[in-house]
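Data first, discussion second: the structure below is written as structure tokens.
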Amino acid sequence: MRARVCAVLYAAPPELGAVSPGFMIEREGATVELSCLATGIPAPTLTWLKDGKEVGRSARLSTSPGNRLVIKSVVLADAGVYSCLFKNPVAQVAHDIRLVVKGPSSLHAV
């Protein structure tokens, strides 16, 4: 008598969990942390985008554990729409975060 082994494969599309607010305002020079979490089977991979293009790492821009994107010493050019894009073989899901960067305020004497 032979034993039969049956495998049941289960897959689930990515589903967003805790995410940064969809709109953030920060001052120039601040450090900004954007975060996104998602679950799925198999576990989804995360890609960060800015204005639709993949974010490259630099001395000021890095990813850290917990699916966070950290931007140090924010400048006006960092403003835009950041997206966390999660993909697995079943589907993909994204969350957009609009970052507005405020420059230094100036007071004018009259």
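Laid out as a table, the results:
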read-out: Positive minus negative residues near Pro104 (Lys, Arg vs Asp, Glu; Cβ under 10 Å); value: +1
read-out: Antiparallel DSSP beta bridges within the chain, percent to nearest 5; value: 85
read-out: Under-17-angstrom lysine pairs by C-alpha in the stretch 18-102, whenever the two are 8 or more apart or on separate chains; value: 4
read-out: Calculated FRET efficiency for the pair Glu15/Arg60, C-beta based, R₀ 30 Å, to 0.05; value: 0.45
read-out: Convex hull of Cα atoms in the chain, direction-averaged projection (nm²); value: 9.6
read-out: Residue order, fewest to most beta carbons within 10 Å, for Ile25, Ile41; value: Ile25, Ile41
read-out: Contact order normalised by residue count of the chain, Cα under 8 Å, 6+ apart, percent; value: 34
read-out: For Ser73, Ser20, order by how many other beta-carbon atoms lie within 10 Å, fewest first; value: Ser73, Ser20
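Here, each number is a calculation from the coordinates, and none is a lab measurement. Remember, it's a predicted structure, so these values are computed and weren't measured experimentally. FYI the Cβ positions are ideal-geometry reconstructions off the backbone, even for glycines, and counts take in every protein chain you see.
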